[in-house]
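Have a look at the structure below, then the notes.
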Amino acid sequence: MQQDSEYLLLNTIHELSQANADISQRDLSRAIHLSLGMTNVLLKRLSERGFLLIKKVSPRQVSYVLTPEGMNELAGRTYRYLKRTIKKVANYKETIVMIANDAKQRGFARLGVLGKSDIDFIVEYAAHSAGLPYAVYSEDGQVPQDSFVFVSENWDAPCALTGTSVAHIQALLSGEQ
């Protein structure tokens, strides 16, 4: 949590300073969803580590600027975050392609997603890879019997689909399936 909060704070200061916006501690605490006290602690810590300059502009206004070391730290953390994210997406793709190939071997005629998913592009790729038509369904009653369906992680309505013809994306993302 601490590392993520520091990253969010560094990134928020960088983004807001690019927009030439006056940044208050209150604005920062709202942007990163932390208390004002915790934001203050993080600002002091980042300043002590040389990542941030804190300048008093007036008695009631403070300016926050990332140092070159702060920019390097932000870049390094961003790189590590992207690397982890890409690895996770590759793992999701591998798992979904394996499930799609298994669905084809079990005789399913098409692959689909129930609801709008953030990773529907992976399911579409898996369908194409397995040689199955791809479809997006907005209601579980639209799903043909010969379809294997991934239930979107954003699907919050009760789902009548059960058994071996369905996989829940939320379970895949959390490693449950």
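I need the full set of residues from segment 164-177 which are surrounded by fewer than 12 Cβ atoms within 10 Å (Cβ to Cβ) and either without any contact (Cβ under 8 Å) to a residue 24 or more places away in the chain or part of a loop (DSSP other than H, G, I, E, B) (or both), in order please. The answer is Ser174, Gly175, Glu176. All of Thr85, Thr67 fail the test of being in contact with a strand residue (DSSP E or B) (Cβ under 8 Å, 6 or more places away or on another chain) and of a type outside the set (A, V, I, L, M), apart from Thr67. Whether a residue is within 16 Å of Asp118 (Cβ to Cβ), at pLDDT 85 or above and either acidic (Asp, Glu) or not assigned by TED's automatic domain parsing to the domain that holds Asp118 (or both) was assessed, and Glu153 passes this test. Inside segment 26-76, residues that are in contact with a His (Cβ under 6 Å, 6 or more places away or on another chain) and over 14 Å from Leu16 (Cβ atoms) make up a count of 0. Going by the conditions given, is Asn11 in contact with a Ser or Thr (Cβ under 8 Å, 6 or more places away or on another chain) and assigned to a helix (DSSP H, G or I)? Criteria met by Asn11. Set side by side, the residues Thr95, Thr85, Thr78 differ, and just one is under 30 Å from Ala135 (Cα atoms), out of contact with any Ser or Thr (no Cβ under 9 Å at 6 or more places or on another chain) and touching a residue at least 24 places away in the same chain (Cβ under 8 Å), which is Thr95. Applying the criterion of at least 3 residues that are surrounded by 13 or more Cβ atoms within 10 Å (Cβ to Cβ) and polar (S, T, N, Q) to the helices (runs of 4 or more DSSP H) found wholly in segment 20-119 leaves 36-48, 68-105. Based on what the data block shows, is Leu161 buried (at least 19 other Cβ atoms within 10 Å of the Cβ), in contact with an Asp or Glu (Cβ under 8 Å, 6 or more places away or on another chain), more than 15 Å from Val89 (Cα to Cα) and assigned by TED's automatic domain parsing to the domain that holds Lys93? Answer is no for this residue.
The values are calculated or read from the model by the stated rules, or taken from the named source; none is laboratory data. Predicted model only: the values in this text are computed from it and were never measured. For neighbour counting, all protein chains shown are included, and Cβ atoms are generated from backbone atoms with ideal geometry for every residue, glycine included.
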